[in-house]
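Encoded as C-alpha cells, the structure appears first; notes follow it.
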Amino acid sequence: MNEITTLYENKPSVVMQTLEKLGWVKFFNPAIKGQVSFLPRGTVVFNLMSDFLKSWVKTKLSSLEIRTPILYDFLNPSIYSESSQFKDRSFQTEVYEKTAVLRPGGDYGVMSLLSSKIIHESHLPISLFELALSFRKNQSRELAGILRANVFTLLDQHTFAANIEQAWEVYASALASQVKLGELFNFDIEVSFDIESTFYQQNKSSIKKLEQLINKEVVINEIKEISNYWIAQHYLIDKRDNIGFCDGQYDLFNAKNYNISFTSLDGKTTLYPIICHASFGSIERWIFKLVNTSISSNGYTFPIWLSPVQIRLLCAKPIQTSYLEKIITHAFKNGIRLEIDNRDKSLRDKINAAQAEWVPFIVILSENFYDLESNVTVIYLNNQQEERSLLSIFEKVENSRVNDYLLPDLQSVISRPCLR
C-alpha cells in the first residue's frame with residue numbers, strides 16, 4: 001500500500017505540527033519515541049472517534065465487543081507461530097521468568113479467547129471486536145507521528161464462519177461496511193487485493209460479487225506463494241492522499257493454529273472455522289487523516305460532530321447572567337460542546353484564538369441578545385459571517401451528528417449464544 005513515507009517523527013509533518021498547535025497532542029521526554037500524549041481536547045476527539053467506530057461495527061456487522069489482555073507468553077506455540085509474522089516488530093520483555101510479548105493487534109486476544117471453546121455450527125457466524133491497545137516496533141525512520149506509531153489503538157474485528165459460502169458472505173459484508181465508512185467521510189476510495197493465485201482462480205466469482213456489492217473496481221495482485229496466515233488480504237486507501245484507512249484478511253490458518261473448532265450440525269464432525277478479519281484502522285490514524293484533509297481549509301472541512309469545542313461564545317457587551325444560563329442549559333441538554341470566552345482580551349484576539357483552535361461556530365453576542373431566537377453574528381472558519389438565531393446554530397450542530405448512520409438493524413439486536 002502506497003502511503004506517505006516522508007512523515008518522520010524526527011522531522012515533524014505539517015499534520016503533527018497542526019495537532020500540537022491545536023493543543024490536541026504532545027510529545028515529551030522521557031517517553032520513548034513512537035508514542036504520543038493526547039491532551040484534554042485531543043482526548044475528546046479520540047473518544048468521539050472511538051465511540052463512533054465501535055457503534056459502527058456493532059450496528060453494521062452485528063459484532064460483539066470484548067476486552068482481552070495485552071501481554072502474552074511468547075513461547076506459547078500458537079502465539080509463537082503467529083508472532084513469526086511480525087518478526088523484529090514485536091516488543092518483548094521478561095515476566096515471571098517467561099518471555100512475554102505485547103500484542104501487535106487484536107488477534108492474540110480473540111483467538112486465545114475462543115481456543116478450546118465448545119462451539120456448535122448453529123452458533124456461527126459469530127463476530128467479535130475489540131478496541132485494542134497495540135504495540136509494533138517500527139524503525140525510527142518509519143515513524144510518522146500518530147499515522148505510524150509504536151503504540152496505537154486498533155479497532156480489530158473477527159468473524160468466525162462455518163464454511164466458504166458463509167465466509168464470503170461475512171467477508172463481503174465487512175468490506176462493504178468499510179467502503180460505506182469511507183464514503184461517509186467523502187474519501188476517494190481504491191480497493192486492492194493481495195491474493196494467492198490458486199485461491200483467486202477458484203474464487204473469481206466471489207470476487208466479482210464483491211465488486212458488484214461495493215460498486216467499485218478491485219485491483220488484484222496475485223501472489224504465487226503466501227507466507228502469512230491469510231490467503232487473501234484487502235486494503236482501502238483514499239486516493240486523495242494515498243493513506244490507507246481499513247483492511248482485512250481471509251484467514252484459513254489461525255483457527256487450527258489456536259485450536260479453534262466447532263461441532264457440525266449433526267454432531268459427528270469437528271471442523272475448523274474460516275476467520276474473516278476486518279481492521280477498521282487505528283483511532284490515531286483516523287484523526288491524522290481527517291486533520292490532514294482539513295488543513296487547507298483551516299479546519300472548515302473538519303467534521304463538526306468531532307470538534308472538541310463546537311461553539312465559542314464571545315460577548316461584545318456584558319450579557320445578563322440569566323441569558324447565558326439559558327444558553328448553557330440548552331447546550332448541555334442537547335449534548336452541544338460550548339465554551340464562553342470571558343478573557344480580558346479584544347474581540348479580534350478572541351476570534352483569532354477560536355479560529356486557530358478550529359472552533360466551527362464563533363458566535364458574537366450583542367447587547368440586544370435576550371433569548372435563543374435572538375439574532376447573533378456567527379463567524380465561520382472560512383472567514384464568512386452572517387446573522388442568524390442562536391437556536392438555528394444549535395440545530396446546525398445537532399444536524400451534523402452521525403447518529404442516523406448508527407441505527408441498529410434487526411440482525412444486530414437478535415439474541416445470540418453467550419460465550420463462556
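How large is Rg/Rh for segment 190-297, to two decimals, with Cα atoms and a Kirkwood Rh?
1.08
Using the Kirkwood radius over C-alpha pairs as Rh, can you work out the diffusion coefficient of the chain via Stokes-Einstein at 20 °C, viscosity 1.002 mPa s, in µm² per second?
Approximately 90 µm²/s, per Stokes-Einstein.
With Cβ to Cβ distances under 14 Å as the rule, what net charge do the other residues near N352 carry (K, R +1; D, E -1)?
+3
Treating cross-link reach as a plain straight distance, find the lysines whose alpha-carbon is under 25 Å from the alpha-carbon of K268, omitting any fewer than eight places away in the same chain.
Counting by Cα, and skipping residues close in sequence, K268 has these lysines nearby: K117, K256.
Taking every pair of distinct Cα atoms and averaging 1/r, then inverting, what Kirkwood hydrodynamic radius in Å comes out for segment 90-172?
15.2
Among I379, C315, N342, which residue has its Cα furthest toward the positive end of the charge dipole of segment 307-399, with +1 on Lys/Arg Cβ and -1 on Asp/Glu Cβ?
Of the listed residues, the answer is N342.
Putting +1 on Lys and Arg Cβ atoms and -1 on Asp and Glu Cβ atoms, find which of V57, V359, Q85 reaches farthest to the positive end of the dipole of the chain.
V359
Taking a quarter of the surface of the convex hull around the Cα atoms of segment 307-399, what do you get in nm²?
Average of the hull's projected areas for segment 307-399 equals 5.5 nm².
Students often get this wrong, so check it: of K60/K216; K180/K208; K58/K87; K26/K98; K26/K345; K26/K54, which have C-alpha atoms separated by over 29 Å?
Among K60/K216; K180/K208; K58/K87; K26/K98; K26/K345; K26/K54, the Cα-Cα distance tops 29 Å for K58/K87; K26/K98.
Rg and Dmax of segment 117-266, using alpha carbons, in Å: what are they?
Rg then Dmax for segment 117-266, in Å: 16.8, 55.
Can you tell me the Rg and Dmax of segment 173-240, counting just the alpha carbons, in angstroms?
Gyration radius and largest Cα-Cα distance of segment 173-240: 12.5, 36 Å.
Between N47 and F91, take the C-beta separation as r, use R0 = 30 Å, and let me know the FRET efficiency to the nearest 0.05.
So, using R0 = 30 Å, E works out to roughly 0.75.
At 0.36 nm per residue, minus the direct Cα-Cα distance, what do T270 and N383 gain on full extension? Give it in nm, one decimal, please.
This chain segment gains 34.1 nm when fully extended.
Taking the DSSP beta bridges in the chain as the whole, what percent of them are antiparallel, to the nearest 5?
If I count the DSSP bridges inside the chain, around 75 percent turn out antiparallel.
Would you please report the Å³ per residue occupied by the convex hull of the alpha carbon atoms in segment 9-139?
156
State the percent of C-alpha pairs, over all pairs in segment 236-330, separated by a distance greater than 16 angstrom.
When all Cα pairs of segment 236-330 are counted, 75 percent exceed 16 Å.
Using a Gaussian network for the chain with springs between C-alpha atoms less than 10 Å apart, which of these wobbles most: V95, V402, V179?
V95
Bear in mind these aren't lab numbers, they're just calculated from the coordinates by the rules spelled out. Not measured: the values here are computed from a predicted model. Here Cβ is always computed from backbone atoms with ideal geometry, including for glycine, and neighbour counts include all displayed protein chains.
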